[in-house]
Amino acid sequence: MTSSTTVVTQAKPWAANSISIGSVQPSYRTSENAGFTRSSYQPVRLLVDDYLKLKRDGFLKVEGLIPQEDIRTMSTHMNRVIEGAETAPGFPAINPDMPEAERVARFSRIHNAHRVHALHERFLLHPRILDAIEQLNGPDVLALQSMTFFKQPGQPGQGYHQDSYYIPTLPNTLIAAWVAISEATEENGCLRFRVGSQSEPLYPQAENEFTHESRNLAGVFDNSTASFEDPAANQLAAVAERYEEVACPANPGDVIFFEGNVLHRSDPNRGTTSRRAFAGHYCDARSFVPWNTGEKWDGMDAGRPANQYHVLARGDSHMAFATPSFGTPCAALEERVPRLAGLQVEMPMADAGKLGSGPVKVVRQ
Ligand SMILES: O=C(O)CCC(=O)C(=O)O
């Protein structure tokens, strides 16, 4: 497909009733999540086969990763938000006397509630998700975005897209963790992936200058129809056709990890109950992140990154990072030992006459 592809514009139904907390910059800081420690959870140990599955297919479902108690807490919280019993800055105003249908219709998804609500921060920095991300994507983890999906009966799905289109990281190290809060089925609009499509280049927005990894490849087109549900209008549908599509149903507590370039989509909810999910997006904390919730940030026009708005979840970074607003234990709050401290790397090249013949020796002094 080339840039001459006919581009049909359509409304963005998946964005209806989508709430973004982007412009809310709460100044408060609490430590109410301080007890939510790593040691309260069983550590996660994935297998090499899990890693290979993610690299080969572009996605990996890990069953039962999140304890049911945590899932119930999030589900109850979501009920209370719809009832108007609980709120946070940026959430829609709900009068508990409103007819139920009107209240329910106000919620399809909330972006970045972790910046304004302690429970969402806890989920974004959940130790069992972070254990897995470290093993799948490297030890230095920056937590970038949270999304809370209500997906009520009748609400739309989201057409083919690549998440790195929306959240650029340089180099591109984006990975998502999608947690099923309710059962996700084909009927109520579970995720669907094109197997192996994570190896596709990114098909960028014309105005996005941060996609130099692939922009100059012949065959990469400027993409203005990402997420359009109608395949006839979505430029990525022709790319998706090169790969087999699989539905990825999930039970509450299952987590689906997927890479930034994998083509995926979901159908509308054609069932009778809500399909609820919480999704976190992460990258290697050493990537340059020119993105802050889709909003402008200080230094953007001068070409400076937005890493300082995102919480260092695990490991370390030479880039700036934020600390959590609600004190959820994570690397940003820990003392970090520089990983190279005391290491001396002896290269075989230094050993005249034996170029390349010996192993690299690493000794701690
Ligand atoms: O949950 C959905 O229906 C769509 C989610 C999605 O595509 C994403 O998080 O990138």
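In table form, for the structure just shown:
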item: Cα-based helix-to-principal-axis angle, 68-83 vs the chain, degrees rounded to 10; result: 40 degrees
item: Protection-proxy order for peptides 326-335, 150-159, each taking the mean of Cβ atoms within 10 Å per residue, highest first; result: 150-159, 326-335
item: Gyration tensor (Cα) of the stretch 133-229, equivalent ellipsoid semi-axes in angstrom; result: 25, 19, 12
item: Label point distance in nm, Arg270-Glu209, each placed 7 Å from Cα along Cα→Cβ; result: 4.5 nm
item: Near-label residues of the stretch 167-202 by backbone N, under 17 Å of a point 7 Å along Cα→Cβ of Thr76; result: 181-182
item: Backbone HN-Hα couplings from phi across the stretch 316-331 [Karplus 6.51/-1.76/1.60, Hz, Gly and Pro as x]; result: 8, 7, 7, 8, 5, 7, 9, 9, x, 6, 10, x, 4, x, 6, 4
item: Globularity index of the stretch 45-84, i.e. its alpha-carbon radius of gyration over 2.2 N^0.38 Å; result: 1.75
item: GNM flexibility winner over the chain from Val255, Val62, Val345 (Cα, springs under 10 Å); result: Val345
item: The chain: most fluctuating residue of Arg45, Arg106, Arg56 per GNM, C-alpha cutoff 10 Å; result: Arg45
item: Centroid-to-centroid separation of the stretch 140-168 and the stretch 295-339 [C-alpha atoms, Å]; result: 21 Å
item: Using alpha carbons only: equivalent-ellipsoid semi-axes of the chain, gyration tensor based, whole Å; result: 34, 27, 20
item: Difference of contour (0.36 nm per residue) and Cα-Cα distance, Val345 to Asn251; result: 29.2 nm
item: Assigned charges on the beta-carbon of Lys, Arg, Asp, Glu; the chain dipole about Cα centre (debye); result: 480 debye
item: For Leu65, distant residues with modelled amide H under 5 Å away; result: Asp254, Val255
item: Using alpha-carbon coordinates, inclination of helix 48-57 to the longest axis of the chain, degrees; result: 60 degrees
item: For the stretch 87-177, fraction of C-alpha pairs farther apart than 20 Å, in %; result: 51 percent
item: Helix-only mean residue ellipticity at 222 nm for the chain, each DSSP H run of n ≥ 4 adding -39500 (n - 2.57), per residue, nearest 500; result: -4500 deg cm²/dmol
item: Amide H contacts of His161 (H built 1.01 Å from N, under 5 Å, at least 5 apart or other chain); result: Ser227, His264
item: Kirkwood hydrodynamic radius of the stretch 51-139, from inverse mean 1/r over distinct Cα pairs, in Å; result: 15.3 Å
item: For the chain, built as a Gaussian network whose Cα springs stay under 10 Å, the top-fluctuating residue of Val262, Val239, Val48; result: Val48
item: Within straight-line cross-link reach of Lys53, aspartates and glutamates at Cα separation under 18 Å, skipping those fewer than 8 residues along the same chain; result: Glu63, Asp131, Glu134, Glu200, Glu244, Glu245, Asp254, Glu259
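Just so you know, all these numbers are worked out from the coordinates, no wet-lab data involved. As the structure is a computational prediction, the values presented were derived from the model and not from experiment. We place every Cβ from the backbone using ideal geometry, glycine too, and count neighbours over all the protein chains shown.
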